[in-house]
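The values are calculated or read from the model by the stated rules, or taken from the named source; none is laboratory data. Predicted model only: the values in this text are computed from it and were never measured. Positions of Cβ are backbone-derived with ideal geometry, glycine not excepted, and every protein chain shown enters the neighbour counts.
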């Protein structure tokens, strides 16, 4: 016991930490490899995309260390301030953001663009964990409605961009934390009843706020024959990429679907398809194993957290990572509609990489401080 | 630990117990994803592999090089030359208006045509041809402006070329892109839009030999359709070469003889049916028609009053005029209506049905027997025997001579002309045959029409005393793949079995026509020619006999001369038709004489065999084009 406490204080890493860090490094490497494979053949000068991603990973490491170094209780105190700041940034995006492909999601900072919605998830986890730790967790008003009201402005601002993918993961964090906090069956029932009653209106609001391309994406998912030549194209090309990888894959640079650009967004949202095409089912097993291992270790952290805040934080972060993983792989494999969610640690993208690494830093933070209280 | 801490601790444990469920669902979800990926990659992997192959590869057709065409002596009549086609890929064009402007200034394109081509339906990813036949200078100019013209490419292609220009245009024909209607026919089943096929003449009838077989190149393309690399090449095989029966020298002469007049000249070898020359005027430019025409150019050709696209030799249908008297005389002799002793007095007219049918010679020919009647082309004699024969007997013999039927010459859309009979008139016009019409028919006027090709076969049949061969245009095909030369046989036509006396009498009379009759202008010091003049009236029988120069040219009669030579041992049959030139003896006969004399003079030079001709084949262009694909 004493040894472990000392270890944690002296910042030496134990076996668990090594595994945790190893998994992160492995996934990041496979991500960079896939990005390298698919973008190295691109014409044009400038910094290669994989170099940019390496730079983002470096910044991500800094965020990781920062989130690890400061006690998460201290970070928790900043939760509401961070949330307020987030809302401001989301408003700034809508007012002065950079528009790309019909959506306004980015704030340009110098040569970079910053995507607040990626950080929104992390901030929401922090905010809700803080709320649930500090507030009485009795009654559905305190459990469901109040946190819901806290969450809502962020959600609406994200949907307004519009960013359906981030909106869904944002919402999933709220729902997951609600489940973790534990809803009584009665409260659950009431909520369900309300949800059913409100559904037509909610549908109207959500469906009405969607862009044409989003509606078509959903339509083509519901009915793949809806438009095979047009909007179903992305999903089909992605399935072809994954499927044609077969058992062993086509090898590095060998992915014709991605190399010849049949696969859209190949180094961002569809990087999983690139990987699956080039490394086959065996590669996919390894990758999913790495992700499952990482989430498994994160669950260990949550299970052994010393207090409510730690457990709630860990649960929220796990929900955030797991949701992105499942939805991303699911959408590239044709299980879900294409909603535009990056694959954590794999997809190219600064905001996503930095936010994910910060989240993982926070997770390790919770683990490393779980024994301090006994002192 | 405080009480609050205790509660919190319980709650924490409760919460963490729920997290166990997270672990279970994590395993479930990862398992589910794995299953889905197993389904995609392992169980459906082959299917998606195929889809991805289809995605990444495109079949690019490699056009074959068309076979060459030579005359009977190995003179090159059609070959292929490199040409530059201008292509535009819309996907890569950023500013269509600017592109149009630069193309118009650089290579002088017709702006409206190009704009139309660019707005046609079709893939934006595939290059579409905007102009072909760019000059080397224009191609170089485009290449040097390459960077300013995104989406524009110049491709070297093979362009059909007729070195002789207008020579034998109707016979050779021209080539063009296969139309979508043609594609639906089984003979063109293996072709695709954009394939070049023969659209006229021998190019059309022998297209399946000439066109060769297209090859296919499999290329890897990206999602934008740009070629990345070649995966596989199936070489095209070039088309077979043709050796025609035409003698380019006679052909050129025949065309020169016609000059600017409208008409046709045909010369065939009677012993084989080989067509030695087949000229038709006015003419089209096969080199122009084998390139892409603007709608305006095409309209100009189609609407030309001279109908240059009509091959007058096989498609021009004219009243045979007095040349038909050969058929009527044969009918009379065979049926016994006429014998060598038959005499008819010609006084310059033949009264029938309340009117007088005039002879061309107003003062009359006097007493005529059948030989004299042919020699002097006495109309009254033939009015008389035509009247005795009746229209249906004349029709029967016309039919036996091959009139009213295709001669089988291997050219597209041969016409048959009309052989009128009582049955024909009922069927075609739903009218009763009038007795007076028999009289006109006896001298080849009225409803009767024939093509020069048919009259050539009539003369070949008479010359051969009933034996003749189907007109032949291609004498040999050289297979490209094996180098073997396939000689095509002469095909005998069914013998026209008339009495030997009938043929003898015809031979004597036709020789007399030249030696002492209406075709004195065909008399040659080199060779004895036998023939018959004819004057095909363009309007109904005219009462006034004006001098030709007083009649507007369009209304003047067509001049015929049908002949063979030498008269005693026929080798060649020559038919001349000149439109709107008046009397056959004056205008057509001298032309036939010149063709025959040229043939007789050529004769010692034995035609080069197809094999020997290969040695002489060395058009550098043709060889170069071959090497590119062989």
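Some values worked out for this structure:
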{"item": "Positions within the stretch A:341-357 being at positive phi and under 11 Å from the mean Cα position of the chain (by Cα), in sequence order", "result": "A:345"}
{"item": "Residue ranges of helices (runs of 4 or more DSSP H) in the stretch B:329-442 with at least 2 members within 21 Å of residue B:496 (Cβ to Cβ)", "result": "B:370-375, B:379-389, B:391-400, B:435-442"}
{"item": "Given (1) farther than 26 Å from residue A:360 by Cα; (2) modelled with pLDDT of 85 or more; (3) more than 10 Å from every other protein chain (Cβ to nearest Cβ); (4) in a loop (DSSP other than H, G, I, E, B), number of the condition residue A:253 does not satisfy", "result": "(2)"}
{"item": "Matching residues in the stretch B:548-588 - criterion: being farther than 26 Å from residue B:463 by Cα and more than 28 Å from the chain's Cα centre (by Cα)", "result": "B:548, B:549, B:550, B:551, B:552, B:553, B:555, B:556, B:582"}
{"item": "The stretch A:296-320 residues that are closer than 20 Å to residue A:171 by Cα, paired with ones that are not in a helix (DSSP H, G or I) (beta carbon under 6 Å, 6 or more apart)", "result": "A:311/A:305; A:314/A:305"}
{"item": "Selection count where residues are assigned to a helix (DSSP H, G or I) and over 17 Å from residue A:131 (Cβ atoms), scope the stretch A:156-171", "result": "11"}
{"item": "Residues (surrounded by 24 or more Cβ atoms within 10 Å (Cβ to Cβ) and under 23 Å from the mean Cα position of the chain (by Cα)) located in the stretch A:259-280", "result": "A:263, A:266, A:267, A:269, A:270, A:271, A:272, A:273, A:274, A:275, A:276, A:277"}
{"item": "Residue that is out of contact with any helix residue (DSSP H, G or I) (no Cβ under 7 Å at 6 or more places or on another chain), more than 25 Å from residue B:74 (Cβ to Cβ) and without any contact (Cβ under 8 Å) to a residue 60 or more places away in the chain, where the choices are B:191, B:183", "result": "B:183"}
{"item": "Any hit, the stretch B:137-144, residues being outside any helix (DSSP H, G or I) and surrounded by fewer than 15 Cβ atoms within 10 Å (Cβ to Cβ)", "result": "no"}
{"item": "Strands (runs of 3 or more DSSP E) contained entirely in the stretch B:195-241, each with at least 2 residues that are under 18 Å from residue A:254 (Cα atoms) and modelled with pLDDT under 90", "result": "B:215-221, B:227-234"}
{"item": "Residue within the stretch B:50-62 that is in contact with a strand residue (DSSP E or B) (Cβ under 9 Å, 6 or more places away or on another chain), away from chain A (no Cβ under 14 Å), at pLDDT 80 or above and on the phi < 0 side of the Ramachandran plot present", "result": "yes"}
{"item": "Single residue of the stretch A:290-331 satisfying the filter (more than 7 Å from chain B (Cβ to nearest Cβ) and assigned to a loop (DSSP other than H, G, I, E, B)) that is surrounded by the most Cβ atoms within 10 Å (Cβ to Cβ)", "result": "A:305"}
{"item": "Complete set of residues in the stretch A:66-93 that are surrounded by 15 or more Cβ atoms within 10 Å (Cβ to Cβ) and over 23 Å from residue A:314 (Cβ atoms)", "result": "A:87, A:89, A:90, A:91, A:93"}
{"item": "Meets criteria (within 14 Å of another protein chain (Cβ to nearest Cβ) and closer than 30 Å to residue A:320 by Cα) for residue B:39", "result": "yes"}
{"item": "Flag if residue B:77 is more than 30 Å from residue B:274 (Cα to Cα), in contact with a helix residue (DSSP H, G or I) (Cβ under 7 Å, 6 or more places away or on another chain), touching a residue at least 24 places away in the same chain (Cβ under 8 Å) and away from chain A (no Cβ under 14 Å)", "result": "no"}
{"item": "Enumeration of residues in the stretch B:372-388 that are within 15 Å of residue B:336 (Cα to Cα) and surrounded by fewer than 23 Cβ atoms within 10 Å (Cβ to Cβ)", "result": "B:387, B:388"}
{"item": "Filter result for residue A:29 (exposed (fewer than 15 other Cβ atoms within 10 Å of the Cβ) and at pLDDT below 80)", "result": "no"}
{"item": "Residue satisfying all of: in the stretch A:337-353; buried (at least 24 other Cβ atoms within 10 Å of the Cβ) and in a helix (DSSP H, G or I); farthest from the other protein chains (Cβ to nearest Cβ) among these", "result": "A:353"}
{"item": "Single residue of the stretch A:259-272 satisfying the filter (part of a helix (DSSP H, G or I) and within 10 Å of chain B (Cβ to nearest Cβ)) that is nearest to residue A:350 (Cα to Cα)", "result": "A:272"}
{"item": "Residue list for the stretch B:487-515, restricted to those being surrounded by 14 or more Cβ atoms within 10 Å (Cβ to Cβ) and not in a helix (DSSP H, G or I)", "result": "B:488, B:490, B:493, B:496, B:498"}
{"item": "Test: residue in the stretch A:177-185 that is in a loop (DSSP other than H, G, I, E, B), at pLDDT 80 or above and either surrounded by 14 or more Cβ atoms within 10 Å (Cβ to Cβ) or in contact with a helix residue (DSSP H, G or I) (Cβ under 7 Å, 6 or more places away or on another chain) (or both)", "result": "no"}
{"item": "Any pair with Cβ under 6 angstrom, 6 or more apart, that starts in the stretch B:219-242 at a residue that is more than 25 Å from residue B:89 (Cα to Cα) and within 14 Å of another protein chain (Cβ to nearest Cβ) and ends at one that is surrounded by 13 or more Cβ atoms within 10 Å (Cβ to Cβ) and modelled with pLDDT of 80 or more", "result": "none"}
{"item": "Lone unmet requirement of (1) modelled with pLDDT of 90 or more; (2) more than 30 Å from residue A:128 (Cβ to Cβ) for residue A:78", "result": "(2)"}
{"item": "Index of the failed condition, residue A:334 passing every other in (1) more than 8 Å from chain B (Cβ to nearest Cβ); (2) surrounded by fewer than 24 Cβ atoms within 10 Å (Cβ to Cβ); (3) not in a helix (DSSP H, G or I)", "result": "(1)"}
